[in-house]
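Student: Dumping the structure here so I can ask a few things about it.
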Amino acid sequence: SWNGVACAAIVARMLGLDQGQVREAMGIAEYHGPRSQMMRCIEHPTMVKDSSGWGAMTGVSSAYLAGSGFTGAPAIIVEAPEVESIWQDLGSRWIINEQYFKPYPVCRWAHGQIAAVQSLQRDHDIRHEAVEHIEIITFYEACCLNHPRPSNTEQAQYSLPFPVAAMLVKGKVGAEEITTGLNDPDILRLSDRVEMTEATLQDSRYTGQRISKAVITMADGTRYESDNTPPIGSPETPLTREELETKFHDLADPFLGVEHATRVKESVAALGNGGPIGQFLDTVLTTSDSL
């Protein structure tokens, strides 16, 4: 688990461990790190979520163990000759700047399909009541997100038909749609009409692009077909600052209140201009009256 090894390195640094102890911490974390059955989580969605939380706990525990003299080195994914090339740009390439931001709170494998449907709805003023059939032409992994009628939020997060239908009905896919909106009859009606088709082109572009195409057929027989559409929010298809801020307020305002959330947002922005970290921490850690 990369998550476990990374957390071990971070906590080891925070604890001031020496080079040898850091090496032991990463080795312990790799050895004990969870080997998650990823497709099981896709086919049977639960709260285990790729073991991200458990991996983090493993990493933290490993650092403390190493600090107490426990041994576990080497970490093969760090020290093996066959992975040497991965580490050549350490300290010069910051991969955190190459990560994507999710515009929708569902599995990334469904994002290109949601974007494709959204573009068709925008370009052709599609009314969901008149939609007869939706075909999603996509890659194999996305076809496994086959939970058209999710009974809980985990199933909704690992569904493709449901968020596609939610986009057509609500014009958005947010936290509300995958929690309190699970029983929306209009969404469920459309979700049942989503057909997923695996295609060679989409399979070949899975690594790196994950493109998908949507075909919407209306009750009168009119057929609308999208381009092959990648997920948005990646470095190649970035969200705008306005879109990122909108997502932040959608999630933060109900809990922090608009005023407090705005202060948090402004304190984060100030960090990029050399603002004091203390002010940021004070703002973030201040309890909102709405909590």
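Student: Could you identify the single residue in Thr180, Thr207, Thr197, Thr153 that is β-branched (Val, Ile, Thr) and closer than 16 Å to Ile114 by Cα?
Tutor: From the options Thr180, Thr207, Thr197, Thr153, the qualifying one is Thr197.
Student: Another question, if that's okay. For region 51-65, does any single residue satisfy the condition of being among the polar types (S, T, N, Q), outside the structural domain of Ser151 (by TED's automatic domain parsing) and more than 29 Å from the chain's Cα centre (by Cα)?
Tutor: Looking for residues that are among the polar types (S, T, N, Q), outside the structural domain of Ser151 (by TED's automatic domain parsing) and more than 29 Å from the chain's Cα centre (by Cα), one finds none in region 51-65, hence no.
Student: For region 33-53, what are the residues that are under 22 Å from Ile10 (Cα atoms) and either basic (Lys, Arg) or crowded, with 18+ Cβ neighbours inside 10 Å (or both)?
Tutor: Passing the criteria: Gly33, Arg35, Lys49, Ser51.
Student: Could you count how many residues in region 1-41 are more than 30 Å from His147 (Cβ to Cβ) and either in a helix (DSSP H, G or I) or under 18 Å from the mean Cα position of the chain (by Cα) (or both)?
Tutor: Selection size over region 1-41: 24.
Student: Can you find, within region 18-55, the residue that is nearest to Phe70 (Cα to Cα) among those that are hydrophobic (A, V, I, L, M, F, W, C) and touching a residue at least 60 places away in the same chain (Cβ under 8 Å)?
Tutor: Going through the qualifying residues, I end up with Met47.
Student: If we scan region 204-223, do we find a residue that is buried (at least 17 other Cβ atoms within 10 Å of the Cβ) and more than 24 Å from Tyr140 (Cβ to Cβ)?
Tutor: Looking for residues that are buried (at least 17 other Cβ atoms within 10 Å of the Cβ) and more than 24 Å from Tyr140 (Cβ to Cβ), one finds none in region 204-223, hence no.
Student: Still on this structure: Tell me which residues, restricted to region 70-109, are in a helix (DSSP H, G or I) and surrounded by 11 or more Cβ atoms within 10 Å (Cβ to Cβ).
Tutor: Correct list: Ile76, Ile77, Val78, Glu79, Val83, Ile86, Trp87, Arg108, Trp109.
Student: For region 234-285, how many residues are assigned to a loop (DSSP other than H, G, I, E, B) and in contact with a Gly (Cβ under 7 Å, 6 or more places away or on another chain)?
Tutor: The total comes to 1.
Student: Condition (residue is surrounded by 13 or more Cβ atoms within 10 Å (Cβ to Cβ), in contact with a Leu (Cβ under 9 Å, 6 or more places away or on another chain) and assigned to a helix (DSSP H, G or I)) applied to region 226-233: is it met by at least one residue?
Tutor: no
The values are calculated or read from the model by the stated rules, or taken from the named source; none is laboratory data. These numbers come from a predicted model, not from an experiment. All Cβ positions, glycine included, derive from the backbone under ideal geometry; neighbour counts span all protein chains shown.
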